[in-house]
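The values are calculated or read from the model by the stated rules, or taken from the named source; none is laboratory data. As the structure is a prediction and not an experimental result, all values here were calculated from the model. For neighbour counting, all protein chains shown are included, and Cβ atoms are generated from backbone atoms with ideal geometry for every residue, glycine included. Please note that ligands, DNA and RNA were not included when accessible areas were found on the heavy atoms of the full protein model with its side chains. Shrake-Rupley method; radii C 1.70, N 1.55, O 1.52, S 1.80 Å.
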Amino acid sequence: MKKVGMLVGAVWAVLALVGCKKESTLTQAGDINLAGCEVPAGLTPVQAEAVSCAPAQAEPQITAEPSAAAPVESVINEALARDAFIFNQSEEDVEARRFAEGDLNGDGLSDKAVLFVLQATDGGNGYATHLAVFLKEGNGLTYADSLPVSGYGEGVQEFAVQGGMVVMKILAQGPGDATCCPSVEKNVSYVLHNGKLIEAKPVTAAY
């Protein structure tokens, strides 16, 4: 009887060892197979290696489109800031900017004319309106020239590019006019000649 009991115990011990060995070969939670895929727990090695996974899709790279307006605005801002410094270190009233477009140098491209106001920074209330011209080149603008077109107590009423010239109507001070209220109209035109803005003199008819 004692031998039979020992034999039965040995058999159970062998079965237990086999079961433990079999159990130890099964996958555990978090295991990764040779393909780099996470496998479920409880699979045999053969089953685990048969598990496949789709490669992670790389997120598309979104590249911002270059802004054509930014370089143009930058060219204008830099040029007008330079003019403001040169002109008695004045300060520009940015909100007073006015724009007109048209061909100013005969190349068939639309150039840009900018009216801008420079204010005194020495404690006074003086100001002057200036005209700057920017020529179209490729996708951007190139600064050409600028000059003052009206002073304190005057105002530009109309402003456009016509016939290759910058044309404007200005209200100037008349006799007895208060500084706030100029009443004398004058029409002036400016052309770009050899890279410089000059006032175009009206043509008088000969009789």
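Restricting the first member to the range 141-165 and to residues that are in contact (Cβ under 8 Å) with a residue 60 or more places away in the chain and within 22 Å of residue 78 (Cβ to Cβ), and the second to residues that are of a type in the set (Asp, Glu) and open to solvent by less than 30 Å² (accessible area, probe 1.4 Å), the beta-carbon pairs closer than 6 Å and six or more apart or on different chains are 146/83. Of the residues 113, 50, 54, only one is out of contact with any His (no Cβ under 9 Å at 6 or more places or on another chain), open to solvent by less than 100 Å² (accessible area, probe 1.4 Å) and at pLDDT below 75; which? Matching residue, one of 113, 50, 54: 54. When 91, 95 are screened for being at pLDDT below 95, closer than 22 Å to residue 157 by Cβ and open to solvent by 60 Å² or more (accessible area, probe 1.4 Å), only 95 passes.
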